[in-house]
C-alpha cells in the first residue's frame, strides 16, 4: 500500500495543486506502466492493487479531509479481486463521491459502457493507445479544475 502525502504540492505555473490520481489496477505490470505515464505527465499518483484498497483509500482520504474530495480523478480496472471497478464506482456514487472516474477494461460490452456512463464514468477499452489514456485523464482533470475555478468565483 502507498502512503498518501499530507499536503498537495502546488504547480508553480498555474498556482493549482498538482492533480492527484488514484489508480486501481490488479495487474502489476499495467499498474506500473500507467502510474509511470501519469507521474511523467506531472500527476501525483496513488496506487491501489484491487477494488477493496481503492475503496479503503477513498474512505480514509475523505475521513481526513471531509470538506474536499482528495483525488482529482480515479482510474480503475473493471475486473479486480475483492470488488470490481464497477462495484467500487457504484459504492462511491451511493456515498456521494463525485470524483471523475475512468474505467479501463478488456471486457467492455455495450451494457458496461451504458452502466459506467449512467454513473458518470468514461470507459477506455483495452488495448488502448497510451496517448488516448493520457488525453482522457488530462481532459477530465481540466474539466474538474474548470468546475473548481467556477465554484471559487461564486464564493
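The values are calculated or read from the model by the stated rules, or taken from the named source; none is laboratory data. In this text, all values refer to a predicted model and were calculated from it rather than measured experimentally. Using ideal geometry, Cβ is built from the backbone for each residue, glycine included, and neighbour counts are taken over all protein chains shown.
General remarks:
- Meets criteria (modelled with pLDDT under 95, under 13 Å from the mean Cα position of the chain (by Cα) and within 24 Å of residue 37 (Cα to Cα)) for residue 88: no
- Elements of type strands (runs of 3 or more DSSP E) in the stretch 55-150, at least 3 residues being touching a helix residue (DSSP H, G or I) at 6+ places or on another chain (Cβ under 9 Å) and surrounded by 21 or more Cβ atoms within 10 Å (Cβ to Cβ): 73-77, 101-105
- Of all residues in the stretch 24-42 being part of a loop (DSSP other than H, G, I, E, B) and in contact (Cβ under 8 Å) with a residue 40 or more places away in the chain, the one that is farthest from residue 52 (Cα to Cα): 41
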